[in-house]
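Q: The structure under discussion is supplied below as structure tokens; questions concerning it will follow.
The values are calculated or read from the model by the stated rules, or taken from the named source; none is laboratory data. Everything numeric in this text was worked out from a predicted model, so none of it was measured. So basically every Cβ, Gly included, is an ideal-geometry build from the backbone, and we count neighbours across all protein chains shown. Quick note on the areas: whole protein, heavy atoms, side chains included, nothing else; ligands and nucleic acids left out. Shrake-Rupley method; radii C 1.70, N 1.55, O 1.52, S 1.80 Å.
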Amino acid sequence: MYNPVFKKIEYYLYSYEFIDMHIEDLRLDLSDFDYNQNYGKYIKNKSSSLEDQVIKNINLERRILKIKKWQKLITFVLKKYKQTNLLYYHFINLKYFRKESPLKIQEKLNLSIYEQKDIQAEILQYIFFVAIKNQILREVNY
């Protein structure tokens, strides 16, 4: 459960509801680029400011693509659990979206803290394997 990849998965679960806003912020960073101003600086200073900005934009586009892949994966998992395992679906909703405490989850879903940890581990492992299958993560030997 202490695998750093699980922390990454949890990060995307906790921030799932805000992914669209995050992507929009990154897109705004892309659109704020003023070609004429940077091109003028490039010619005057003979520096690589234009090249730096192009590299920055490529990196932003890669980040947006990566975030969209995670969003799509989590959406897939949510749909699957909603159809096949409502308990896991409600657990994800309470723990990661509503950020309820384990005691509140225990009250609402009638799950002990140990059962919650087991469910959490199963969900994270499932997402981990789906992410590897979809080449969002590469298999890593620990």
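Q: With the checklist (1) open to solvent by less than 90 Å² (accessible area, probe 1.4 Å); (2) more than 20 Å from Ile23 (Cβ to Cβ); (3) in contact with an Asp or Glu (Cβ under 9 Å, 6 or more places away or on another chain) in hand, flag the one item Lys80 doesn't pass.
A: Going through (1) open to solvent by less than 90 Å² (accessible area, probe 1.4 Å); (2) more than 20 Å from Ile23 (Cβ to Cβ); (3) in contact with an Asp or Glu (Cβ under 9 Å, 6 or more places away or on another chain) one by one, Lys80 breaks only (3).
Q: Inspect region 91-107 for any residue being hydroxyl-bearing (Ser, Thr, Tyr), more than 15 Å from the chain's Cα centre (by Cα) and surrounded by 12 or more Cβ atoms within 10 Å (Cβ to Cβ) and give the result as yes or no.
A: Among the residues of region 91-107, not one is hydroxyl-bearing (Ser, Thr, Tyr), more than 15 Å from the chain's Cα centre (by Cα) and surrounded by 12 or more Cβ atoms within 10 Å (Cβ to Cβ), which makes the answer no.
Q: Okay, moving on. Determine the pairs where a residue that is within 26 Å of Val130 (Cβ to Cβ), located within region 50-74, has a partner that is surrounded by 12 or more Cβ atoms within 10 Å (Cβ to Cβ) and basic (Lys, Arg) with Cβ atoms under 8 Å apart, the partner being 6 or more residues away or on another chain.
A: Ile64/Arg27
Q: If Phe33 satisfies all but one of (1) outside any loop (DSSP other than H, G, I, E, B); (2) modelled with pLDDT under 95, what's the number of the condition it fails?
A: (1)
Q: Just to be sure I understand the filter: pairs with C-beta atoms under 6 Å, separated by 6 or more residues or on different chains, first member in region 112-139 and charged (D, E, K, R), second member modelled with pLDDT under 95. Which pairs pass?
A: Glu139/Ile132
Q: Let me ask something else. Considering only region 108-142, how many residues are farther than 16 Å from Leu87 by Cα and surrounded by fewer than 16 Cβ atoms within 10 Å (Cβ to Cβ)?
A: The total comes to 11.
Q: Is it fair to say Phe76 is of a type outside the set (Lys, Arg), in contact with a Leu (Cβ under 9 Å, 6 or more places away or on another chain) and assigned to a helix (DSSP H, G or I)?
A: Taking the combined requirement at face value, the residue does not satisfy it.
Q: Restrict the check to region 3-15 and report whether at least one residue is open to solvent by 50 Å² or more (accessible area, probe 1.4 Å), assigned to a helix (DSSP H, G or I), modelled with pLDDT of 75 or more and of a type in the set (Lys, Arg).
A: Yes, region 3-15 contains a residue that is open to solvent by 50 Å² or more (accessible area, probe 1.4 Å), assigned to a helix (DSSP H, G or I), modelled with pLDDT of 75 or more and of a type in the set (Lys, Arg).
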